[in-house]
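**Student:** Let me begin by handing over the structure; questions about it come next.
The values are calculated or read from the model by the stated rules, or taken from the named source; none is laboratory data. Just so it is clear, the structure is predicted and the values come from calculations on it, not from any experiment. In this analysis, Cβ positions are derived from the backbone assuming ideal geometry, glycine residues included, and neighbour counts consider all displayed protein chains.
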Amino acid sequence: MPLTFDDLLHRAASLARPGRRALLGIAGSPGAGKTTLAERLTRTLNGDGEPWVAHVPMDGFHLADVELARLGRRDRKGAPDTFDAAGYAALLERLHGDEDGIVYAPGFERTLEQPIAGSIPVPPTARLVVTEGNYLLLRHDPWPRVRSHLDEVWFCDLDETERVRRLVARHEEFGKAHQEAVTWVVGTDQRNADLVAATRRHADLVVPESAMPKVDAGT
């Protein structure tokens, strides 16, 4: 039987067990639909009751533009070494430990293209945290520290033509001219996408396009 979104809901919910908080990672190349899937899982599982699922994106650990400029990496924004991977791993460890009250995670403002500290509260009632990002399955340091704190990692497997279309549309939505968006997608984004695609085989579950929420553009 083909995998369905209902199957994903059941699998995600089953990760949370009494007495422990579970962490689910969703990986995939830029534009593959990671954020859309994470948001839909979170919203559907929470329903109308008390929220027990939280969404904490990796994007909050982008280095700020001023730091990327200092490091000479501004033109490669989105590459593995433009994130605070160690800080991300430390947050996941803290969330998995489940010993604190509210834990505040950073978010990412797409209009500004900058991280925003302390903008995502994860309450003690959250028994499942869904996190998503490109490099959850990367095998070189310090990224394995991230994987070690995740109960499962799923990989979004979207048709390449559709992935590129969505990604160009997203860059245009947030201010890039069409040709500028295309140049960034086939250059910087594609180098990152190739790196991420090579990690697909390490996923606990490959999510086909047929099981993912339908969107016009996504991450």
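**Student:** With respect to Leu128, determine if the residue is surrounded by 19 or more Cβ atoms within 10 Å (Cβ to Cβ) and touching a strand residue (DSSP E or B) at 6+ places or on another chain (Cβ under 7 Å).
**Tutor:** Details: surrounded by 19 or more Cβ atoms within 10 Å (Cβ to Cβ): yes; touching a strand residue (DSSP E or B) at 6+ places or on another chain (Cβ under 7 Å): yes.
So Leu128 passes the test.
**Student:** Also: Please determine whether any residue of region 7-14 is buried (at least 18 other Cβ atoms within 10 Å of the Cβ) and either basic (Lys, Arg) or part of a helix (DSSP H, G or I) (or both).
**Tutor:** yes
**Student:** One residue is enough: does region 32-45 have a residue meeting the conditions in contact (Cβ under 8 Å) with a residue 12 or more places away in the chain, within 19 Å of the chain's Cα centre (by Cα), outside any helix (DSSP H, G or I) and buried (at least 19 other Cβ atoms within 10 Å of the Cβ)? Full working, then the answer.
**Tutor:** Of the residues in region 32-45, the ones in contact (Cβ under 8 Å) with a residue 12 or more places away in the chain are 32-42, 44-45.
Among the residues that remain, those that are also within 19 Å of the chain's Cα centre (by Cα) are: 32-42, 44-45.
Right, trim to outside any helix (DSSP H, G or I) and you get 32-33.
Subset that is buried (at least 19 other Cβ atoms within 10 Å of the Cβ): 32-33.
Checked region 32-45: at least one residue is in contact (Cβ under 8 Å) with a residue 12 or more places away in the chain, within 19 Å of the chain's Cα centre (by Cα), outside any helix (DSSP H, G or I) and buried (at least 19 other Cβ atoms within 10 Å of the Cβ).
**Student:** A further question follows. Exactly one of these conditions fails for Arg70: (1) in a helix (DSSP H, G or I); (2) touching a strand residue (DSSP E or B) at 6+ places or on another chain (Cβ under 8 Å); (3) surrounded by fewer than 14 Cβ atoms within 10 Å (Cβ to Cβ). Give me its number.
**Tutor:** For Arg70, the failing item is (2).
**Student:** Continuing with this model, one more query. Could you grab me the full set of residues in region 46-90 that are closer than 28 Å to Leu15 by Cα, touching a residue at least 40 places away in the same chain (Cβ under 8 Å) and of a type in the set (Asp, Glu)?
**Tutor:** Passing the criteria: Glu50, Asp59.
**Student:** Mind checking which residues of region 60-107 are of a type in the set (Ser, Thr, Tyr) and touching a Leu at 6+ places or on another chain (Cβ under 8 Å)?
**Tutor:** Going through region 60-107, the residues of a type in the set (Ser, Thr, Tyr) turn out to be 82, 88, 104.
Of everything in region 60-107, just one residue is of a type in the set (Ser, Thr, Tyr) and touching a Leu at 6+ places or on another chain (Cβ under 8 Å), namely Thr82.
**Student:** Looking at Asp75, Asp84, Asp48 in this structure, which one is surrounded by fewer than 23 Cβ atoms within 10 Å (Cβ to Cβ) and modelled with pLDDT of 95 or more?
**Tutor:** The match here is Asp84.
**Student:** Criterion first (out of contact with any helix residue (DSSP H, G or I) (no Cβ under 8 Å at 6 or more places or on another chain) and either under 22 Å from Val164 (Cα atoms) or in contact (Cβ under 8 Å) with a residue 12 or more places away in the chain (or both)) does Ala16 satisfy it?
**Tutor:** On the way: out of contact with any helix residue (DSSP H, G or I) (no Cβ under 8 Å at 6 or more places or on another chain): yes; either under 22 Å from Val164 (Cα atoms) or in contact (Cβ under 8 Å) with a residue 12 or more places away in the chain (or both): yes.
Yes.
**Student:** List every residue pair whose Cβ atoms sit under 7 Å apart, with the two residues 6 or more apart in sequence or on different chains, where the first one lies in region 102-127 and is closer than 24 Å to Gly175 by Cβ and the second, anywhere, is surrounded by 13 or more Cβ atoms within 10 Å (Cβ to Cβ) and polar (S, T, N, Q).
**Tutor:** Pairs that qualify, where the first residue is closer than 24 Å to Gly175 by Cβ and the partner is surrounded by 13 or more Cβ atoms within 10 Å (Cβ to Cβ) and polar (S, T, N, Q), are Pro106/Ser119; Gly107/Ser119.
**Student:** Name the one entry in Glu99, Glu67 that is charged (D, E, K, R) and within 27 Å of Arg139 (Cα to Cα).
**Tutor:** Of Glu99, Glu67, the one residue that is charged (D, E, K, R) and within 27 Å of Arg139 (Cα to Cα) is Glu67.
**Student:** Scan (1) assigned to a loop (DSSP other than H, G, I, E, B); (2) under 26 Å from Arg11 (Cβ atoms); (3) aliphatic (A, V, I, L, M) for the single condition Val129 breaks and write down its number.
**Tutor:** Of everything listed in (1) assigned to a loop (DSSP other than H, G, I, E, B); (2) under 26 Å from Arg11 (Cβ atoms); (3) aliphatic (A, V, I, L, M), Val129 misses just condition (1).
**Student:** Also, quick follow-up: Check whether at least one residue in region 111-123 is under 25 Å from Ala13 (Cβ atoms), of a type in the set (A, V, I, L, M) and surrounded by fewer than 20 Cβ atoms within 10 Å (Cβ to Cβ), and report yes or no.
**Tutor:** Here is the first cut: in region 111-123, the residues under 25 Å from Ala13 (Cβ atoms) are 120-123.
Restricting the remaining residues to those that are of a type in the set (A, V, I, L, M) gives 120, 122.
Within this subset, residues satisfying the condition of being surrounded by fewer than 20 Cβ atoms within 10 Å (Cβ to Cβ) are 120.
Yes, there is a match, as at least one residue in region 111-123 is under 25 Å from Ala13 (Cβ atoms), of a type in the set (A, V, I, L, M) and surrounded by fewer than 20 Cβ atoms within 10 Å (Cβ to Cβ).
**Student:** Tell me the residue from Asp100, Asp141, Asp157, Asp151 that is closer than 27 Å to Ala64 by Cβ and touching a helix residue (DSSP H, G or I) at 6+ places or on another chain (Cβ under 8 Å), please. It would help to see each step written out before you state the result.
**Tutor:** Values: Asp141 fails: touching a helix residue (DSSP H, G or I) at 6+ places or on another chain (Cβ under 8 Å); Asp157 fails: closer than 27 Å to Ala64 by Cβ; Asp151 fails: closer than 27 Å to Ala64 by Cβ.
Only one candidate qualifies: Asp100.
**Student:** Determine whether region 91-100 contains at least one residue that is under 27 Å from Pro18 (Cα atoms), surrounded by 14 or more Cβ atoms within 10 Å (Cβ to Cβ), within 16 Å of the chain's Cα centre (by Cα) and free of Cβ contacts under 8 Å to residues at least 40 places away in the same chain.
**Tutor:** So far as region 91-100 goes, yes, one or more of its residues are under 27 Å from Pro18 (Cα atoms), surrounded by 14 or more Cβ atoms within 10 Å (Cβ to Cβ), within 16 Å of the chain's Cα centre (by Cα) and free of Cβ contacts under 8 Å to residues at least 40 places away in the same chain.
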